[in-house]
Amino acid sequence: MQKRFFIVMITALLLVTGACRKSDGGPAMEEMPVQQEIEIKGDSMLYGLSCDGTTDSVVVIWPFSGDPVTLNCIEAKQAGRIIGKPQIGDWIGVMRNPEDSTEATMVINLDQLKGTWTYPVMPVMKDLQHMSKRMQKRMMENMPDSVKETFFVPREYGFTLKRGHVAVPVGRVMRANSLEDDSPVQYPDVRNYKGWYMLNGKLILVSGERTVLAAANQKHEPDVLDTLQFEYMDEDSLILVHHNMRYGFHRKANALEANALATKAQAKQDMRK
């Protein structure tokens, strides 16, 4: 009896796994470590794997605890609330209609969200920081192109979202000599991202917690939590809304690729000193 029961259980597991298999044929079970590992108080999002049967009008999700659930997502699709394109075996998050448990009001492909996302940033002349924008523009227009090419190199700022809810900042460029920065231009500060998680269909980015020397004592600054709403996502583009401002990001292979041009330009500047 024990042997028969064991065979039945293995067969059932294989059937469920086969229904939630990635499109490339690889088993979705290998992706289980990417699940929502921490429970966030007040979060009602359902997390799991996208299963066979998911279409533009229906999403089939296999929760990390429980049986597969089929939800209608027609209205979510029409409202632009399908963020990314869920493939079989992808890690997804689903918001359900509190008045109709069979309807999904939002679907996010969290596997597609992972990776490096950046946006371009330009420096400003240090002496221009206290001038009006009109004066800054006039000064920039009169600046020789040779100077602009040397110092006004765009950088990519953003973040890398990894498994285990780890976030890494993108934007820092290593200098050959970090003791003194005598460059005439200045870039905005890079946010020190360190974590991320989902909360009711919104992205929470965690930054801060850096050690600050205050007199003879050390203190830790509190974490900063940025709550961002999703507007759009595909393979290469991501649009987030923060404080009613829209931010467009582009996907990069990694942080090194994102700032390869800026790193090269910085190395040339350091060699001239």
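Computed from the coordinates by the stated procedures, all read-outs in this text should not be read as laboratory data. This is a predicted model, so every value here is computed, not measured. Heads up, the Cβs are rebuilt from the backbone with ideal geometry, glycines too, and the neighbour counts pull from every protein chain shown.
The table below gives the values:
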quantity	calculated
Relative packing of peptides 232-242, 109-119 - highest average C-beta neighbours within 10 Å first	109-119, 232-242
Links that overshoot a 18 Å alpha carbon limit, given the list Lys114/Lys252; Lys85/Lys114; Lys162/Lys194; Lys85/Lys194; Lys114/Lys194	Lys85/Lys194
